[in-house]
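Everything on this sheet refers to the single structure shown next.
The values are calculated or read from the model by the stated rules, or taken from the named source; none is laboratory data. Remember, it's a predicted structure, so these values are computed and weren't measured experimentally. A quick note on method: Cβ atoms are made from the backbone with ideal geometry, for glycine too, and the neighbour counts reach across all protein chains shown. Calculation scope for accessible area: heavy atoms of the full protein, side chains included, ligands and nucleic acids excluded. Shrake-Rupley method; radii C 1.70, N 1.55, O 1.52, S 1.80 Å.
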Number of protein chains: 6
Amino acid sequence: MKATQMPHRADGRKPLDLRPVSIELDATPHAEGSCLIRQGVTRVLIAATVEEKTPPFLRDRGEGWVTAEYGMLPRATHERTPREAVRGRQSGRTLEIQRLIGRALRGVVDRKAFPDLTITLDCDVVVADAGTRCASVTGAFVALALALERLSKEKRIRARPIRELVAAVSVGLLSAPLPPARAIVALDLDYSEDSTAEVDLNIVGTSSGRFVEVQGIAEGKPFDDADLAAMIEAGRKGLTKLFLVQREVLEGRVPDEWLDRRSVP
Amino acid sequence: MKATQMPHRADGRKPLDLRPVSIELDATPHAEGSCLIRQGVTRVLIAATVEEKTPPFLRDRGEGWVTAEYGMLPRATHERTPREAVRGRQSGRTLEIQRLIGRALRGVVDRKAFPDLTITLDCDVVVADAGTRCASVTGAFVALALALERLSKEKRIRARPIRELVAAVSVGLLSAPLPPARAIVALDLDYSEDSTAEVDLNIVGTSSGRFVEVQGIAEGKPFDDADLAAMIEAGRKGLTKLFLVQREVLEGRVPDEWLDRRSVP
Amino acid sequence: MKATQMPHRADGRKPLDLRPVSIELDATPHAEGSCLIRQGVTRVLIAATVEEKTPPFLRDRGEGWVTAEYGMLPRATHERTPREAVRGRQSGRTLEIQRLIGRALRGVVDRKAFPDLTITLDCDVVVADAGTRCASVTGAFVALALALERLSKEKRIRARPIRELVAAVSVGLLSAPLPPARAIVALDLDYSEDSTAEVDLNIVGTSSGRFVEVQGIAEGKPFDDADLAAMIEAGRKGLTKLFLVQREVLEGRVPDEWLDRRSVP
Amino acid sequence: MKATQMPHRADGRKPLDLRPVSIELDATPHAEGSCLIRQGVTRVLIAATVEEKTPPFLRDRGEGWVTAEYGMLPRATHERTPREAVRGRQSGRTLEIQRLIGRALRGVVDRKAFPDLTITLDCDVVVADAGTRCASVTGAFVALALALERLSKEKRIRARPIRELVAAVSVGLLSAPLPPARAIVALDLDYSEDSTAEVDLNIVGTSSGRFVEVQGIAEGKPFDDADLAAMIEAGRKGLTKLFLVQREVLEGRVPDEWLDRRSVP
Amino acid sequence: MKATQMPHRADGRKPLDLRPVSIELDATPHAEGSCLIRQGVTRVLIAATVEEKTPPFLRDRGEGWVTAEYGMLPRATHERTPREAVRGRQSGRTLEIQRLIGRALRGVVDRKAFPDLTITLDCDVVVADAGTRCASVTGAFVALALALERLSKEKRIRARPIRELVAAVSVGLLSAPLPPARAIVALDLDYSEDSTAEVDLNIVGTSSGRFVEVQGIAEGKPFDDADLAAMIEAGRKGLTKLFLVQREVLEGRVPDEWLDRRSVP
Amino acid sequence: MKATQMPHRADGRKPLDLRPVSIELDATPHAEGSCLIRQGVTRVLIAATVEEKTPPFLRDRGEGWVTAEYGMLPRATHERTPREAVRGRQSGRTLEIQRLIGRALRGVVDRKAFPDLTITLDCDVVVADAGTRCASVTGAFVALALALERLSKEKRIRARPIRELVAAVSVGLLSAPLPPARAIVALDLDYSEDSTAEVDLNIVGTSSGRFVEVQGIAEGKPFDDADLAAMIEAGRKGLTKLFLVQREVLEGRVPDEWLDRRSVP
């Protein structure tokens, strides 16, 4: 299979277009930091909580911790999804996603800057139209930055806590409409695309152009080197745009130096 | 203890003032009916789901069912509340509230109008500042009406499904600032009032001036007949205002006859 | 709907008759206080346990705690009810009832009289014929008084721990046998009445004529002010009789001053 | 260690004396068969439920099923035992005991006599002073016989359903008060004996002098052949007395032929 | 029913033959002691873990603890058995078996020899062909001895920790092929025998000829004294052979005095 | 950070050496297909079970299903890991791994070849020294092939069920011993390497040189394009060797055409 980039998608986007992305700050009043990220129809509410505790494995190490929890309102989805609190356990998918979000954030913070504090990012999907884990990462960075800024104002931060920005985006390999044609590399899949994509790649990247996580999964046929390279290239383009959105909303709210203004290759 | 009504509250409201209430329709795109109710700072997102099934005890009885689930985002509260899906079970409080919401709605619908269908109202608290169970009832009626109207358009309703409106409001007995004075009957408590109230009364009432549920609980000292009468009277005033809000948002969206325009005593 | 009181019930009782009530003290040998309450066919075994601990939120506040747990033997009911220990969780109904019992008792004790102690009332239904939550409250007060008396003998009480008596009773609105007639207000429903009542009201009241909790629920049609007033009036009559039974069995076993001999209006 | 039988026990019993045993029939009104067995201070309420169902592995085999569940009220014990419904699971001990009760009963019934029916014996310990599993077996046989007799009256039994009686008793090897003396074989241990016994043997035997189960466990030092023989001999004597009690209470209530009047060696 | 011993079994063994038994030491590299026991087709991997902790009831008593956990790989059995971690709880059978293994080992160790240490024996069935609980006991003794020897080398043992050997074996009463003939007492049942045996007896015995546990269960018809005596006699013969296997593999690895070279009657 | 490949590792391997790999077929007697894979010290037992059922979402689609479960013996690890059946749930890590194994296998089979059958691969880690998820994939392919071959012999397969081979390998980016030097790309990490690696990449690849899954995670510093390319290149080399091992053990056991003898680029 040879991947390519073709011009038309169901919602009129070009293959490398993101859906419209907006991030509304301070979306919930009690949290130490919060935002609502919208990416197309997908909507995730993110709240950062700062608590004076750390997990046992960090005791007496002078470090803080960043972790995440993920949930989905039952009717965020097209069909109602049973409530995990009723089922009595979080699904494997939920556990996998919240681990990913936590790792993404820990990849760009200096945990020695906020010793003995745990910051928990609650990412709750209000409307789901694919891409919820990536939108959670992108938005969680913003909520985390706001919480850290508040800590900074309260003089509870020892050093610059954020080394660079982190965001995530999905890329898919969509079957060509007509078989002889090549499959299409498409950025930021919506639900209709996601459910039929041949390959689904999630990239968690930083504003210096590096990766915290790359996870590509073939749902049907395996993918080859050229597919992988094209998808990573597409993802990188999407990340660049997401960093712009993050910087735009955080500018003036957090110290400039946290926003890593290096140009991204 | 003799209850009375005094003029001043922390947020400037008079004793029988509701907090500002607004209901935004169609708050979530996938649900058959939905709204976002705001009552002061409290915010609850409600989604109605219609499914072709009924519980076993209704098999072959030609009736439908209405039920509710209730949840709270972890950081809806001032301090973070652990996620019930992580704890592995819904709390007693959650179970109690969702049973109350279901009973309230079943009190005003004609379940024979939608045989073999179950309508589930998911009430998820986005921001909590007391009164979440009452706001859930008031909002859930609206989301239910929208879902029923959609069923009606699809010709899946056999008769007028709604007999009258239902809403709920809390009333509290607040300690008098100076002991010789009487305790104050206050309508629609916020968190700071709720956590110190001597008595907490929730009234679920209908637009014909009747009750589906009256639940008064003394948190400290017991209350007497006069307290109870004054609280019920106050609650009735609050309900009247809530029915106005419900009618206002539903007018034009659902058949006029569902909105029960009798004057309330 | 206009409520009234009519003369005949299936078991021959008049509308405002309680079922025969008896309370047998010291029903189980190991508990610090215990009794078996019978109300008609309903039978609940209640055991009070005193433990040297308090919940975290009471640490260092010089107060004790009173709480309750509720259970039902599987074959207490007409049909066998699955064992909650097998199902792996307590039902919403169970949690709701045990919270009610605990609140009722806390409404009449002075928790500063027994600092750093928790008294747990285990209410286990041996035979169920409706009214189990109310019988649990009425009996639990007796078991609690016995346990406090024992603490008093052991000089572990600082002050008079009981301010007044507390008991509970159910009242129902039963459909009139012939429609033009009014619905009947009936006291202390049995199972056959409870399962068909239009409204079910539980009153938790104290011997000074005040209320700790009033909870009225319409199972079918909503109820109006007159119904509510009539039901509360009926409940008050039932409570008066229950306080007599409590005083009779506790007289001579606990200090007279704990038995609050004021006349009830 | 050489076992022997010595004359004195804390409660005045001789080594081979049972505690006083009584069985009260029809102890709970709703069950198809029920009794309350008292053995010394120990008290177990047993209810038999007949349901028209069988486990999957018996489908279409023309057999019925007999099973048991076991529970303990929280304050049946000297110290309060946490409620299993609150802990969310039955303990290993509970599961082990209810399996034993079910096997004991299945050992003496002809399951082809009541095809497609399941009889569940709920054994709930109201007061525990050791020997609760054995008392449960002895009492459960009585409740089962009553339920089968009721089925027989209703013509739902195809053949004689009970082949012989079954009962259970504990035997212990108690440390000799003075070391040179031999350990004492004692029948039907109470709590103070049970918690210090060197060996604990439970015998489930039938009225023809045979065994359904023999389970001997050394809590401390292992036991030898002579110990085992002496304990089994003692258990057999206890069983003979228990069969007399069972026959006495069932005589006239169930057909004589069910009571297996063979003399026991 | 009169038991006897007849010459032929499905796999050619004589009634009192064990299946071939072998114990491979050091079967897993990380454990403090481990072995793989094979008994016929049955295979159990056993790992001993030493941890510096003891259960709460042993605090400050200068004793150690020995406990066991038991599990079965899903496809150890002929048909796949659902994984207990997926079902969310250990079955009653699993809990019963791991309690038996722990008791067996505690019956032969001197817990004062390793104060404040807990040794956990994980017995995981890799292939099941009946007899897994007995093989677990026999093998767990070997793994325990290896772990204790290691503690001894590290000077963490205060006294001789093992008083004698312990092993376990099953004995069954198999229906006679032709009814007039007697049932057969057979040692060490395999799955085909176990699933049809009339009586199943497990004996946990020590190398001095004594018992830690004897558990005989009639699956169908009850058994009599003669049956029991014959089964115990057969079990004793099996144990003698198992002690030889244990001694053979441990010889040279643990101090000779731990291997209790008394002749067994 | 610029990645490179340096010559020395703790166990003497060169950076691109795999640990010794062996796969023993038919490792457990009851399964339809099974093997034991050893990769260095890591050892995983894999059993394939064929059952006549499929998940609900495949009903009436003429397809089969392949799924996996993963577990770890408690003492597979250096320190004992609590048993998931005791904890009452599978961890997020376990759920994530078993989803990965299932996806890997589904990426190379033709599910239409075995309609209405589910094949479950149980991967149980007997000894863990890192790389258990990758070894599980590599071994599970072999067990699956054996099970499919058995189905083929029984004429229950409609078409060639395997399109190509699938295996998995880990690659890590290890910190350079001396800072100015570059980090080392190392293949098939063992535990000591895995716990300190800067980046951990798992590649699931097929014998045609394509990928089913690529998952790279930075544990500390993010990685760049060059790192990613070098790690993927290394992984590809490892996979080529693993396919040789798979082909070698399966040759003669399964049809030649299943073993995809194309050369790998």
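Using Cβ point charges alone (K and R +1, D and E -1), the dipole size of chain D about the Cα centre works out to roughly 340 debye.
Here the dipole of the range A:189-262 is about 440 debye; that uses its Cα centre as origin and unit charges on the Cβ of Lys and Arg (positive) and Asp and Glu (negative). Report, as a whole number in µm² per second, the diffusion coefficient that Stokes-Einstein gives for the range C:168-265 at 4 °C and 1.567 mPa s using the Kirkwood radius over alpha carbon pairs. Diffusion coefficient, whole number: 89 µm²/s. Here the Gaussian network model covers chain D, with springs between Cα atoms less than 10 Å apart; of D:Ala183, D:Ala159, D:Ala140, D:Ala159 fluctuates the most.
Ordering of B:128-138, D:104-114 by packing is B:128-138, D:104-114, highest average first (other Cβ atoms within 10 Å, averaged per residue). Chains B and C together bury roughly 2700 Å² of accessible area, counting both sides, with a 1.4 Å probe on protein heavy atoms only. Take each residue of peptide A:118-130, count the partner chain Cβ atoms within 10 Å of its Cβ, and average: the result is 3. The relative contact order of the range D:33-117 comes to 37 percent, based on Cα pairs under 8 Å that sit 6 or more residues apart.
A dipole drawn for the range A:1-152 from +1 and -1 charges on Cβ atoms has a positive end, and of A:Pro56, A:Ala130, A:Val108 the residue lying farthest that way is A:Ala130. For D:Ser192 and E:Lys155, the FRET efficiency from 1/(1 + (r/R0)^6), where r spans their Cβ atoms and R0 equals 35 Å, is about 0.30.
Heavy-atom accessible surface of A:Tyr191, to the nearest 10 Å², is about 110 Å², with a 1.4 Å probe and all protein chains retained.
Ordering C:Leu95, C:Val66, C:Val142 by Cα displacement along the dipole of the range C:1-160 toward the positive end leaves C:Leu95 in first place; charges were set at the Cβ atoms of Lys, Arg (+1) and Asp, Glu (-1).
For chain F, the longest principal axis of the C-alpha atoms and the axis of helix F:92-106 are separated by about 60°. Expressed to the nearest 5 percent, the antiparallel share of DSSP beta bridges inside the protein assembly as shown is 80 percent. Say we join alpha carbon atoms closer than 10 Å with springs in a Gaussian network model of chain D; which of D:Asp60, D:Asp188, D:Asp116 then has the biggest fluctuation? Fluctuation is largest for D:Asp60.
Ascending distances from the B:Lys53 label point to its copies in the other chains, with the point 7 Å along the Cα-to-beta-carbon line: 1.8, 1.8, 3.6, 3.9, 4.1 nm. If the Kirkwood radius is taken over C-alpha pairs of the protein assembly as shown, then at 20 °C and 1.002 mPa s the Stokes-Einstein diffusion coefficient equals 58 µm²/s.
Cross-link check: pairs B:Lys112/B:Lys155; A:Lys241/F:Lys237; D:Lys53/D:Lys112; A:Lys221/A:Lys241 evaluated at a Cα-Cα cut-off of 25 Å; pairs beyond the cut-off: A:Lys241/F:Lys237; A:Lys221/A:Lys241. Shown for the range E:179-232: the carbon plus sulfur share of the solvent-accessible area, taken with all protein chains present and a 1.4 angstrom probe, equals 54%. Considering only alpha-carbon pairs that sit under 8 angstrom and 6 or more positions apart, the relative contact order computed for chain A is 23 percent. Starting from the Cα of F:Glu52, step 7 Å along the direction of its Cβ; do the same at A:Leu244; then give the gap between the two resulting points in nm. Taking the two extended label points, one gets 6.1 nm. Rounded to whole numbers, the Karplus 3J(HN,Hα) couplings from phi for the range F:79-86 are 9, 5, 9, x, 5, 5, 5, 7 Hz, using 6.51 cos²θ - 1.76 cosθ + 1.60 with θ = phi - 60°, and x at Gly and Pro. Of all beta bridges that DSSP places with both ends in the range C:128-255, some 95 percent have antiparallel geometry. The residue among A:Val245, A:Ala226, A:Val199 whose Cα reaches farthest toward the positive pole of the charge dipole of the range A:197-265, with charges on the beta-carbon of Lys, Arg, Asp and Glu, is A:Val245. Once the C-beta distance of A:Ala226 and B:His78 is scaled by a Förster radius of 41 Å, the resulting FRET efficiency is 0.15 to the nearest 0.05.
What angle, in degrees between 0 and 90 and rounded to the nearest 10, separates the Cα long axis of helix E:225-250 from the longest principal axis of the Cα atoms of chain E? Approximately 40 degrees, to the nearest ten. Relative to its residue count, the range E:10-147 spans a Cα convex hull of 125 Å³ per residue.
Entry note, chain A: the mean residue ellipticity at 222 nm calculated from DSSP H runs of n ≥ 4, each adding -39500 (n - 2.57), is -8500 deg cm²/dmol after division by the residues and rounding to the nearest 500. A simple count of charges around C:Thr42, restricted to other residues whose Cβ falls under 11 Å of its Cβ and scoring Lys, Arg +1 and Asp, Glu -1, yields 0. Summary for C:Pro20: label point 7 Å along Cα→Cβ; distances to the equivalent points in the other copies, ascending, 2.5, 6.4, 7.6, 7.6, 8.6 nm. Computed over the range F:113-233, the alpha-carbon pair-distance distribution with 5 angstrom bins reads 2, 10, 18, 18, 15, 12, 9, 7, 5, 3, 1, 1, 0, each value a whole percent. One residue of chain B places its C-beta nearer than any other to the axis carrying B onto E; that residue and its whole-Å distance are B:Gly88, 5. Here the accessible area of the range F:1-85 is 51 percent carbon and sulfur, with a 1.4 angstrom probe and all protein chains present. Computed about its Cα centre, the charge dipole of the protein assembly as shown is approximately 0 debye, with only Lys, Arg, Asp and Glu carrying charge at their Cβ. Of all DSSP-defined beta bridges confined to the range C:1-128, some 70% are antiparallel rather than parallel. Here D:Pro82 yields copy-to-copy label distances, from shortest upward, of 1.2, 1.2, 2.3, 2.5, 2.6 nm, the label point defined as 7 Å from Cα along Cα to C-beta.
Looking at the range D:1-122, the accessible area is 40 square angstrom per residue; that uses a 1.4 Å probe and ignores ligands, DNA and RNA.
Taking the highest mean first, how do the peptides B:244-256, D:216-228 order by number of other beta carbon atoms within 10 angstrom per residue?
Result, highest mean first: D:216-228, B:244-256.
In the elastic network of chain C, a GNM with C-alpha springs shorter than 10 Å, the most mobile of C:Gly92, C:Gly172, C:Gly40 is C:Gly92. The heavy atoms of A:Trp65 present about 40 square angstrom of accessible area, all protein chains included, probe 1.4 Å.
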